[in-house]
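Structure first, then comments.
No value in this document is a laboratory result; all are computed from the given coordinates. As the structure is a prediction and not an experimental result, all values here were calculated from the model. Every residue, glycine as well, gets a Cβ built from its backbone with ideal geometry; the counts of neighbours run over all protein chains shown.
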Amino acid sequence: MTTWVFSEEIDGHASASALELLTKARTFGDTSVFHIGAGSDAAYAELGAHGATKVHHLTIGDRLPGAPAAAALAALAEEHGAELIMFGMGNTDRDVAGRLSARIGRPVLGNAVDVTVDGSVRVTSEILGGTQAVVTEATGSAPALVLVRSKAFPAEPSGEGVPEVTAVSMPDLGHAGSAVITESHVEESEGPDLEVAGVVIAGGRGVGSAEKWVVIEELASQLDAAVGATRAVIDAGWVPSRLQIGQTGKTVKPDVYICAGVSGAMQHLVGMKDSGTIIAINKDAEAPIFAAADLGIVGDLHAVVPKLTEALRNR
Ligand SMILES: Cc1cc2nc3c(=O)[nH]c(=O)nc-3n(C[C@H](O)[C@H](O)[C@H](O)COP(=O)(O)OP(=O)(O)OC[C@H]3O[C@@H](n4cnc5c(N)ncnc54)[C@H](O)[C@@H]3O)c2cc1C
């Protein structure tokens with residue numbers, strides 16, 4: 001299977017999704033990477049260590065990446081007979097995959113949690129809060145375009161060396177290539193990164209208000225944990241949207257996931273159900289979150305969480 005993986009360089013490193021995808025893709029045979037961004041040696045080394053044998057690099061500069069990346073990848077896919085192209089589910093991945101789909105007339109199979117190749121490409125995705133799996137087979141002409149959920153595969157180096165890097169020329173896009181990024185802002189954040197933290201403390205609407213959110217942050221600081229939230233909390237404007245966990249937020253897989261005042265709606269569960277140990281605090285013993293939890297505390301979180309924080313502080 002001629003497999004390609006899409007990679008975007010972020011702060012001098014290959015995207016986490018590219019390394020996860022490569023770990024899977026290398027089991028299908030020789031894997032090439034289409035890499036956009038500055039093109040640093042560190043990024044190439046990471047891609048090589050995770051199984052890329054060839055990297056095709058397109059320098060994007062200050063252009064919006066979607067149009068040039070899709071055009072260049074369409075040409076490469078045809079030239080090299082790509083049978084499967086895998087993307088993560090980041091904003092750029094989805095933009096490029098959508099534009100590529102329109103260019104080459106192939107559908108995008110999204111939300112994949114597993115991909116198998118056995119003559120044809122089969123993609124597993126989950127529905128109904130992860131309670132049902134759907135397997136979709138890519139039929140028709142190649143390549144199959146697949147968007148894979150974050151953390152579907154662990155990123156594991158294979159010990160291989162530096163890949164062969166080929167520079168890709170900027171395609172002529174006419175007006176479609178004229179959009180440029182004039183300014184970008186890095187959102188300030190404190191504490192561990194939500195998507196890689198070993199411990200996550202999430203709060204839901206049950207916390208009550210933005211002023212009371214401190215109860216979640218204090219527990220998180222005692223455990224050096226990342227803070228997450230449900231969409232209800234984001235919609236209420238208590239915390240920034242980058243903390244949202246779930247179907248339309250981030251997928252997390254920490255060793256320990258503690259949530260307080262979270263009901264356990266399926267759109268939230270899909271983003272955290274694969275965590276190691278799930279601990280739920282909710283005053284409603286019938287809350288659906290308890291069905292997903294390994295440990296549960298039925299009680300008012302404003303009584304329970306401060307006691308937990310205090311106990312940890314006194315360790
Ligand atoms: C298309 C779509 C996409 C969505 N995507 C997401 C997503 O990505 N992530 C997400 O989280 N949601 C998402 N949602 C929303 C989701 O359906 C739920 O509405 C949301 O997860 C509920 O958030 P919550 O559990 O904080 O609030 P609620 O459902 O209101 O639950 C609050 C819980 O707090 C408990 N509680 C109240 N007071 C206390 C207290 N003092 N102590 C202890 N417990 C208390 C209550 O018993 C209740 O169980 C999406 C919805 C749609 C339609």
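Start at zero, step by 10 Å, and the Cα-Cα distances of the chain spread as 6, 25, 29, 22, 14, 4, 0 percent across the bins. The share of alpha-carbon pairs in segment 199-313 lying farther apart than 23 Å comes to 16%. Beta bridges from DSSP with both residues in the chain: antiparallel share about 25 percent, rounded to the nearest 5.
Helix 16-25 versus the longest principal axis of the chain: what angle, 0 to 90°, nearest 10, using Cα atoms? For 16-25 against the chain, the angle is about 60 degrees.
Taken along its three principal axes, the alpha carbon spread of segment 185-233 comes to 29, 26, 16 Å, from the longest extent down to the shortest. With neighbour counts taken as other beta-carbon atoms within 10 Å, the residues V256, V180 rank, fewest first, as V180, V256. Ranked by the mean number of other Cβ atoms within 10 Å per residue, highest first, peptides 258-268, 301-311 order as 258-268, 301-311. The angle between the Cα long axis of helix 301-313 and the main principal axis of the chain comes to about 80°, on a 0 to 90 degree scale.
On C-alpha positions alone, give me the angle between the axis of helix 91-104 and the longest principal axis of the chain, in degrees, nearest 10. Roughly 40 degrees, rounded to the nearest 10. About its Cα centre, segment 180-238 has a charge dipole of approximately 360 debye under the convention of +1 per Lys or Arg Cβ and -1 per Asp or Glu Cβ, with nothing else charged.
Only lysines eight or more places from K54 in sequence, or on another chain, were considered; those with a Cα closer than 21 Å are K24. Computed about its Cα centre, the charge dipole of segment 199-313 is approximately 220 debye, with only Lys, Arg, Asp and Glu carrying charge at their Cβ.
Computed about its Cα centre, the charge dipole of the chain is approximately 700 debye, with only Lys, Arg, Asp and Glu carrying charge at their Cβ.
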